[in-house]
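Asker: Below is a structure I'd like to ask you about.
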Amino acid sequence: MADDQKIYRASTTAPVNIAVIKYWGKRDPTLNLPTNSSLSVTLSQADLRTHTTAACSASFPGPDSLVINGAPQDISGPRTQACLRLLREQRAALESSSSPAPLPSLSSFPLRIASVNNFPTAAGLASSAAGFAALVRAVADLYQLPASPAELSRIARQGSGSACRSLFGGYVAWERGGEGAAGGAEAGAGAGTGAGAEGAQARADDGSDSLATQVAPAGHWPDMRALILVVSADKKGVSSTAGMQATVATSELFATRAATLVPRRMAQMRAAILARDFDAFARLTMRDSNNFHATCLDTEPPIFYLNDVSRAAIRVVEDINKAVGRIVAAYTFDAGPNAVVYYLAENESLVAGTFKADMGSAAGWDTERGRAVQINGGAAIDRKS
Ligand code: ADP
Ligand code: DP6
Ligand code: CO
C-alpha cells in the first residue's frame, strides 16, 4: 500500500478513578490547574472503563474528529485541542530527530478518534477521567511516544483534571503544584491572582509540576472494594467544569476548604492509606465528600448534585456502621447523584447485601445496576496496539 493510503491505529482502555479527597476548583482554567490537591482510588477496568482507538492517515480528510459512544463530538474547545497539540508536538520532535531513517510524518495527518464508555457518560462516574486518560494514551501509543505515565498525566490534566489520576492504578495523588511559583504560592480561592513574584528567581505557575503520582499500588491494600450505585445514568445538569467555576466565583465556604481543610486531609489520607487504617480512610472520605457538596450548596445559584436516593444511600451506610459499632463502609459522591461505597472484602456480604435489601425498593434504584468492583490491581492502562 502506498504510504499516503496507509492507516495507522492504536487502541487502549483506561479506568475510572473516584476521589476520596475531591478536586473542585481551578486556579487557572486555561492550563486547568486545580486550587487544591486531590487523592483518588483507581477502579478495575474489568468493570468501568473507556475503550479508545486513535487512527491517522494522510488519506483522511480533515479536520480531526472524535466520536463518543457513536456520537460525533465538537472538539474545537481549548481543552481537547491542548491535548492534541501537545501530543503532536512530541511526535513532531521525534520525526525531526529521526534521520537518517525518517519516521512517517503522522504529526501532520488528520486524527480520527473513536471512544466507548461502558458506563454512564457525564453522570458523576468520572467519564471525563477515563475518557481523557484513554484519549491521551491512545494517541501517544499511535505516535509511539516514549512518554512516561507522569508526563502523559500532565497532558491528560489539560483535557480534564481528574484524568491525570487515571494514568496510574491504586491510590493516586494529584499534586496541585505551583508552590513557590509567582502568583501560585497559596492555596485558596484567591490563589493565582496574587502579585506573588519573590525576586527574579520566582518561576511561572505553568503547570509543569501539576501532575499525578502513585501513593501506593492496589496490592498495598488488596482487600479494598468499591460498590457503585447507579442512581441515575442521566447527564448531569451542571458539568463539573461549570460547577466548580461557579463555586470558586461565589462560595464563601470554598476558600476555607481549599486553604485549610484539604491540605490537612491530604496528609491524613496519605497516612491512612499507608497504614491501611480503614477507620481513618472512611471518616475522611465521607467528610470530604460532604464538605465538597456543602460548597456546591453554598454556590450561587446553588448546585444540587445529590438527590433523595443519594441521601438514602448515605443513611444506609450510617445504619450499617451503627449496627456493627465501627466504620466498615464509606460513601462518596462526585458531581452527580451516583454513590460509590468503599469497604473491605471481609464486609462484602454485609455491605453489598444490605444495599440490595434496603435500597431495592427505593424509588429510582435499580438493584441490577449496583455492582461491586475491584480496585485496579495491575497497570492502570492496558496497552492493546
Ligand atoms: P463526569 O462526571 O462523567 O466526569 P464531566 O462533566 O466531568 O462528567 O465530563 C463529561 C465530559 O467528559 C463529556 O461531555 C465529554 O466531553 C468528556 N468525555 C466523556 N467520555 C469521554 C471519552 N470517552 N473520551 C473523551 N472525552 C470524554
Ligand atoms: C467531583 O475532572 O471532571 O469528580 O477538570 O473541569 O474536566 P474538569 O473537571 P473534572 O472534575 C472532577 C470533580 C470531582 C472530584 C474529583 O474527581 O476529584
Ligand atoms: Co469529570
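Asker: Whether any residue in segment 86-104 is among the hydroxyl-bearing types (Ser, Thr, Tyr) and within 13 Å of ligand 1 (Cβ to nearest atom) is what I want to check.
Answerer: no
Asker: Out of the residues in segment 219-277 that are of a type in the set (D, E, K, R) and not in a helix (DSSP H, G or I), which is nearest to GLY336 (Cα to Cα)?
Answerer: The selected residue is LYS236.
Asker: Let me ask you something else. Pairs please, first residue from segment 224-235 and modelled with pLDDT of 90 or more, second anywhere and surrounded by fewer than 22 Cβ atoms within 10 Å (Cβ to Cβ) and in a loop (DSSP other than H, G, I, E, B), Cβ atoms under 6 Å, 6+ apart in sequence or on different chains.
Answerer: Close Cβ pairs satisfying both conditions: LYS235/ALA122.
Asker: Looking at THR250, THR260, THR285, which is the one that is free of Cβ contacts under 8 Å to residues at least 40 places away in the same chain and of a type in the set (Ser, Thr, Tyr)? Walk me through how you get there before you give the answer.
Answerer: Details: THR250 fails: free of Cβ contacts under 8 Å to residues at least 40 places away in the same chain; THR285 fails: free of Cβ contacts under 8 Å to residues at least 40 places away in the same chain.
That would be THR260, the only listed residue that is free of Cβ contacts under 8 Å to residues at least 40 places away in the same chain and of a type in the set (Ser, Thr, Tyr).
Asker: Moving on to the next point. Within segment 1-32, can you find the residues that are within 16 Å of ligand 3 (Cβ to nearest atom), among the hydrophobic types (A, V, I, L, M, F, W, C) and either under 22 Å from ALA82 (Cα atoms) or in contact with a His (Cβ under 6 Å, 6 or more places away or on another chain) (or both)?
Answerer: ALA14, VAL16, TRP24
Asker: How many of the residues in segment 119-172 are more than 16 Å from ligand 3 (Cβ to nearest atom) and in a loop (DSSP other than H, G, I, E, B)? Don't jump to the end; show me each part of the working.
Answerer: Kept after step one, since they are more than 16 Å from ligand 3 (Cβ to nearest atom), are these residues of segment 119-172: 137-152, 154-155, 168-171.
Those still in the list that are in a loop (DSSP other than H, G, I, E, B) too: 143-148, 168-170.
Counting residues in segment 119-172 that are more than 16 Å from ligand 3 (Cβ to nearest atom) and in a loop (DSSP other than H, G, I, E, B) gives 9.
Asker: Something else about it: Go through segment 64-84 and give me each residue that's open to solvent by 40 Å² or more (accessible area, probe 1.4 Å), over 18 Å from LEU106 (Cβ atoms) and either within 16 Å of ligand 2 (Cβ to nearest atom) or in contact with a Phe, Trp or Tyr (Cβ under 9 Å, 6 or more places away or on another chain) (or both).
Answerer: Of everything in segment 64-84, those that are open to solvent by 40 Å² or more (accessible area, probe 1.4 Å), over 18 Å from LEU106 (Cβ atoms) and either within 16 Å of ligand 2 (Cβ to nearest atom) or in contact with a Phe, Trp or Tyr (Cβ under 9 Å, 6 or more places away or on another chain) (or both) turn out to be ILE68, GLN73, ASP74, PRO78, ARG79.
Asker: SER107 - would you say it is under 17 Å from GLN81 (Cβ atoms), touching a residue at least 24 places away in the same chain (Cβ under 8 Å), away from ligand 1 (no atom under 16 Å from the Cβ) and not in a loop (DSSP other than H, G, I, E, B)?
Answerer: yes
Asker: Checking VAL116 against (1) away from ligand 2 (no atom under 16 Å from the Cβ); (2) more than 24 Å from GLY25 (Cα to Cα); (3) in contact with a helix residue (DSSP H, G or I) (Cβ under 9 Å, 6 or more places away or on another chain); (4) not in a loop (DSSP other than H, G, I, E, B), only one condition comes out false. Which one?
Answerer: (3)
Asker: If you take the residues in segment 14-47 that are over 14 Å from ALA218 (Cβ atoms) and small (Gly, Ala, Ser), which one is farthest from ligand 2 (Cβ to nearest atom)?
Answerer: Residue satisfying both the conditions and the ranking: ALA14.
Asker: How many residues does segment 255-303 contain that are hydroxyl-bearing (Ser, Thr, Tyr), closer than 12 Å to TRP24 by Cβ and either open to solvent by 40 Å² or more (accessible area, probe 1.4 Å) or touching a helix residue (DSSP H, G or I) at 6+ places or on another chain (Cβ under 8 Å) (or both)?
Answerer: Count: 2.
Asker: I need the full set of residues from segment 116-150 which are of a type in the set (Phe, Trp, Tyr) and either touching a strand residue (DSSP E or B) at 6+ places or on another chain (Cβ under 6 Å) or farther than 18 Å from ALA212 by Cβ (or both), in order please.
Answerer: Of everything in segment 116-150, those that are of a type in the set (Phe, Trp, Tyr) and either touching a strand residue (DSSP E or B) at 6+ places or on another chain (Cβ under 6 Å) or farther than 18 Å from ALA212 by Cβ (or both) turn out to be PHE119, TYR143.
The values are calculated or read from the model by the stated rules, or taken from the named source; none is laboratory data. Predicted model, so just to flag it, every value in this text is computed and none were measured. For neighbour counting, all protein chains shown are included, and Cβ atoms are generated from backbone atoms with ideal geometry for every residue, glycine included. Ligands, DNA and RNA are excluded from the accessible area calculation, which covers all protein heavy atoms including side chains. Shrake-Rupley method; radii C 1.70, N 1.55, O 1.52, S 1.80 Å.
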